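Written below as structure tokens is the structure these notes are about.
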Amino acid sequence: MEWQGVVTLITLFSVLSALTLTRVSADLVLMSALAFLLITGILGPAEALAGFGNPGVITIATLYVVAAGLKETGAVQWIARLLLGHPKTEKGAQLRMIAPTGILSGFMNNTAVVAMFIPAIQDWAQRLGIPASKLLLPLSYAAILGGTCTLIGTSTNLVVDGMLQSRLDINLGLFELAWVGIPLLLVGGTFLVLFASRILPDRGGVSEELDQIREYGVEVEVIGPGPLVGKTIAQAGLRALSYGYLTEIDRGGRLITAVEPDRTLQAGDRLYFVGAPECASELRRIQGLKPANGSVHKLNIENHQRCLVEVVLGPEFPALNKTIRDSRFRTRFNAVILSLSREGKRVSGKLGDITFRMGDTLLLEASHQFVEQYQFRRDFLLVSALNDSTPPDFHKAPRALGILASMVLVSASGLLQIMEAAFLAAGAMIVSGCITASRARRSVDLPVLVVIAASFALGNAMTETGAAIWVANGFLGFGALTPWMALALIYLLTAIFTELITNNAAAVLMFPIALALSEQLGVSFLPFAVAVMFAASASFVTPLGYQTNLMVYGPGRYQFTDYMRIGLPLSLLVGSVAVGLIPLVWGF
């Protein structure tokens with residue numbers, strides 16, 4: 001091996017060390033490695049930048065828009081409420097959660113599925129009286145396993161498929177991985193249902209103390225006819241929200257203050273909640289409710305342009321010492337006041353009769369441009385938008401699901417390649433109004449794409465310099481390896497890498513090593529490529545290995561050891577099944 005190979009291996013080790021031991025962002029680390037390999041002449045511009053034109057990377061970017069369209073329309077929440085139901089036991093709850101999560105993750109980015117399911121599962125767990133910590137980690141694992149069932153279920157599959165296309169001109173079908181992915185989902189799901197309740201601790205959930213936050217009163221109305229009419233408070237998911245609680249119901253002028261969980265909702269009921277500002281955002285995601293403040297519907301702002309904003313009144317606010325009704329706030333600021341908090345507490349009484357004072361905190365419904373327009377004006381001391389507070393447009397949910405189904409059918413039938421079908425689906429989401437062009441742009445996670453694309457430079461350097469062959473020969477030097485043993489070794493190394501660095505980086509780095517090892521053994525490379533796919537996705541042992549594991553870490557109040565206790569046996573089980581099935585399906 002010449003000096004270029006030695007430098008490449010040193011670079012690889014440095015990248016792994018930086019990703020594992022430092023807090024430097026992965027995109028910065030890998031772009032630095034790309035720049036180093038380019039400047040030293042180890043790679044030319046075409047090889048160094050090949051990842052940015054890889055079909056898999058482009059497909060991932062396009063699928064972000066498709067997933068965002070499903071999120072904006074509330075399609076996943078709609079499906080979740082339809083499928084989760086009201087199981088009687090913890091095992092029943094886990095089964096009802098794992099099945100839809102696994103299926104959905106096969107057809108859209110599993111990270112997006114988990115992001116949308118977390119609040120729904122937290123709410124569901126509280127309704128059922130089950131600790132959220134018993135459900136959230138199985139949610140992440142089910143999404144990971146479900147993502148392995150199809151080519152578009154996880155970005156790792158698309159990355160490896162893109163490398164197979166560019167290097168060996170091999171195209172995998174949309175459902176080709178299902179021969180191994182579905183058994184893994186069934187085996188892993190069964191393990192989680194049988195053992196997750198015993199292994200995972202009861203850590204409850206994250207619920208902020210209402211006396212330590214800004215407290216608001218939020219009023220909503222039950223839409224009639226609608227999906228909540230005839231349901232009980234508990235069935236509607238209103239009994240135990242994450243950020244607020246139901247205090248009373250106004251039914252035709254009659255006030256019901258003792259709100260029992262089995263009380264049935266009627267059309268036109270006005271529900272009064274007390275809680276954090278996020279409570280208003282949480283209520284917007286429940287289909288069948290609308291803001292009781294009629295002025296909200298008079299705003300000249302499209303649904304997708306709305307968000308919740310908090311403002312603190314300054315000394316130059318023009319309506320100080322006036323009532324909200326007399327201030328003409330909506331006309332002046334094109335925003336509607338949903339609630340008012342004073343010294344951290346809600347102000348009782350009718351909203352329109354409350355008099356403004358300096359320092360009052362208002363919860364508003366306004367446009368996304370409101371923050372930019374007023375953050376430096378003297379009317380307000382502070383202007384802050386709530387994250388992810390745009391209300392879903394549930395009317396467009398069937399449209400978004402139809403586009404997703406069409407994309408899957410067109411791709412599965414072979415009429416179009418996955419990338420082409422994804423482009424059409426993303427365009428249809430924008431044209432049909434499921435998502436705007438501006439939100440589609442913001443939905444693309446650029447740092448993730450940079451990490452994936454930059455990883456290709458290291459993979460190419462391993463191949464071009466002969467470093468991958470040197471590593472493969474090193475494995476063969478330990479003794480005669482059968483193809484099955486080599487496959488198990490590749491799976492194990494990829495699984496270890498994916499726990500330490502990002503799953504996509506692990507796949508890109510192991511791909512050339514797996515290719516070189518298969519060539520040295522004189523066997524088909526395809527089973528080795530598929531093993532890299534599954535092993536890079538099968539991250540169960542640490543919260544750092546896969547993004548969905550990290551997403552549930554805080555809401556589930558987990559500790560690092562919780563992942564090891566359940567993740568190690570699950571990882572061994574999944575690995576054994578995968579290594580056993582892959583050669584039977586694709587053969588050496």
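The values are calculated or read from the model by the stated rules, or taken from the named source; none is laboratory data. Remember, predicted model here, so these are calculated numbers, not experimental data. FYI the Cβ positions are ideal-geometry reconstructions off the backbone, even for glycines, and counts take in every protein chain you see. Note: areas computed on protein heavy atoms with side chains; ligands, DNA, RNA excluded. Shrake-Rupley method; radii C 1.70, N 1.55, O 1.52, S 1.80 Å.
Miscellaneous remarks
- Amide H contacts of L338: L363, L364, E365, each under 5 Å away and 5 or more positions distant or on a separate chain (H built 1.01 Å from N in the peptide plane; Pro and chain starts excluded).
- Difference of contour (0.36 nm per residue) and Cα-Cα distance, T190 to I39: 49.3 nm
- Mean separation of Cα contacts under 8 Å, 6 or more apart, over the residue count of the chain: relative contact order %: 21 percent
- Approximate spin-label separation I170-S25, in nm, with each point projected 7 Å along Cα-to-Cβ: 3.5 nm
- Listed residue pairs exceeding 23 Å between alpha carbons, taken from K134/K290; K290/K350; K71/K134; K290/K396: K134/K290; K71/K134
- Gyration tensor verdict on the chain (Cα atoms; rounded if a/c is under 1.5, prolate if a/b is larger than b/c, oblate otherwise): prolate
- Exposed trypsin sites (Lys or Arg not before Pro) absent - longest run of the chain, DSSP non-H/G/I/E/B, at most 15 other C-beta within 10 Å: 89-321
- Given R0 = 41 Å, the distance between the Cβ atoms of Q266 and Q375 translates into a calculated FRET efficiency of 0.45.
- Here the stretch 84-189 has 64 percent of its accessible surface on carbon and sulfur atoms, given a 1.4 Å probe and all protein chains in place.
- Distances between placed amide hydrogens fall under 5 Å for L386 paired with L308, V309, E310, all partners being 5 or more residues away or on another chain.
- The loop-placed chymotrypsin sites (Phe, Trp or Tyr not before Pro) in the stretch 443-478, going by DSSP, that have at most 16 neighbouring Cβ atoms within 10 Å of their Cβ come out as F478.
- Karplus-based coupling profile of the stretch 572-580, in residue order and whole Hz: 5, 5, 5, x, 5, 5, 4, 5, x, with θ = phi - 60° in 6.51 cos²θ - 1.76 cosθ + 1.60 and x standing for Gly or Pro.
- The string of couplings for the stretch 343-359 from the Karplus curve (6.51, -1.76, 1.60, θ = phi - 60°) is 6, x, 10, 5, 9, 6, x, 5, 4, x, 8, 6, 8, 5, 10, 4, x Hz, one whole number per residue in order, with x for Gly and Pro.
- Gyration tensor verdict on the stretch 1-63 (Cα atoms; rounded if a/c is under 1.5, prolate if a/b is larger than b/c, oblate otherwise): oblate
- Were the residues from V6 through A480 laid out at 0.36 nm apart, the gain over their Cα-Cα distance would be 168.1 nm.
- Two-site label geometry, S14 and I223: point separation in nm, points 7 Å out along Cα→Cβ: 5.6 nm
- Against the chain, whose longest principal axis comes from its Cα atoms, helix 446-464 is set at around 0 degrees.
- Accessible surface computed residue by residue for the chain, with neighbouring protein chains in place and a 1.4 Å probe, gives 41 Å² per residue.
- Once you reduce the stretch 215-283 and the stretch 336-394 to the center of their Cα atoms, the two points are 21 Å from each other.
- In sequence order, calculated HN-Hα J values of the stretch 164-178 (Karplus, 6.51, -1.76, 1.60; Hz; x Gly/Pro): 5, 5, 6, 9, 10, 6, 10, 10, 8, x, 4, 9, 5, 6, 4
- Based on DSSP H segments of at least four residues, each scored -39500 (n - 2.57), the chain has a per-residue ellipticity at 222 nm of -17000 deg cm²/dmol.
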